[in-house]
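These notes are about the structure you will find just below.
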Amino acid sequence: MVYIQRTEHFCSAHKLENPKWSSEKNHEVFGKCASPNYHGHNYVLTVVVKGEINPDTGFVMNFTDLKRILRTEIIDVVDHKNLNTDVDFMSGILTSAENLVVAFWDILAPEILKNGAELHVIKLEETISNVVEYYGN
């Protein structure tokens, strides 16, 4: 099994707010992240794909295809967008980094599988100090 990795960057705004809670409760739990005026992050998205090396190409997956999938399916959709209001696949979902990686997984896993590889892990850096990893389970 060989693992390949691609990293992309995107900038997005969001706020963390549970609509079932009062503004006081949201502020208590989410602090500044519950600001009614939103806030932004410069995210770093790293995707690791695994598979056997194709003897005809020498690739687990063509990096050009991986780049295209990441950009088309995720980056073009979320970059310079408000995750709460502009991103259909996050509609009705709290826009935490944890929920983002699960949503990204659900979108990317079948696309990568079509290219003969398997998604291994998605790592999302919201800040240099706050990082989430998801292995699809």
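Things worth noting here:
- Candidate set from the range 81-137 (those that are among the acidic types (Asp, Glu) and either more than 21 Å from GLU52 (Cβ to Cβ) or in contact with a Pro (Cβ under 6 Å, 6 or more places away or on another chain) (or both)); member that is surrounded by the fewest Cβ atoms within 10 Å (Cβ to Cβ): ASP88
- Residue among LEU16, LEU45, LEU66 that is of a type in the set (A, V, I, L, M, F, W, C) and farther than 17 Å from THR95 by Cβ: LEU66
- Test: residue in the range 78-99 that is under 17 Å from GLU133 (Cα atoms), out of contact with any Cys (no Cβ under 7 Å at 6 or more places or on another chain), of a type in the set (Val, Ile, Thr) and at pLDDT 95 or above: yes
- Matching option when the condition is closer than 25 Å to ALA117 by Cα, not in a loop (DSSP other than H, G, I, E, B) and not β-branched (Val, Ile, Thr), among GLU24, GLU28, GLU98: GLU98
- Some residue of the range 61-78 being touching a helix residue (DSSP H, G or I) at 6+ places or on another chain (Cβ under 6 Å) and in a loop (DSSP other than H, G, I, E, B): no
- Scanning the range 123-137 for residues that are out of contact with any Asp or Glu (no Cβ under 7 Å at 6 or more places or on another chain) and either over 17 Å from ILE74 (Cβ atoms) or not acidic (Asp, Glu) (or both) yields LEU124, THR127, ILE128, SER129, ASN130, TYR134, TYR135, GLY136, ASN137.
- Checked against (1) under 30 Å from LEU113 (Cα atoms); (2) surrounded by fewer than 13 Cβ atoms within 10 Å (Cβ to Cβ); (3) not acidic (Asp, Glu), VAL49 meets all criteria but (2).
- If you go through the range 15-45 and keep only what is over 15 Å from ILE74 (Cβ atoms) and either touching a residue at least 40 places away in the same chain (Cβ under 8 Å) or touching a Leu at 6+ places or on another chain (Cβ under 6 Å) (or both), you end up with LYS15, LEU16, GLU17, ASN18, PHE30, CYS33, ALA34, TYR38.
- The selection criterion, being at positive phi and touching a residue at least 60 places away in the same chain (Cβ under 8 Å), does not hold for HIS120.
- Subset of the range 12-71 (residues that are of a type in the set (Phe, Trp, Tyr) and closer than 14 Å to GLU111 by Cα): PHE63
The values are calculated or read from the model by the stated rules, or taken from the named source; none is laboratory data. Just so it is clear, the model here is predicted, and its values are computed rather than measured. Cβ sites come from the backbone with ideal geometry, for glycine too, and all protein chains shown count toward neighbours.
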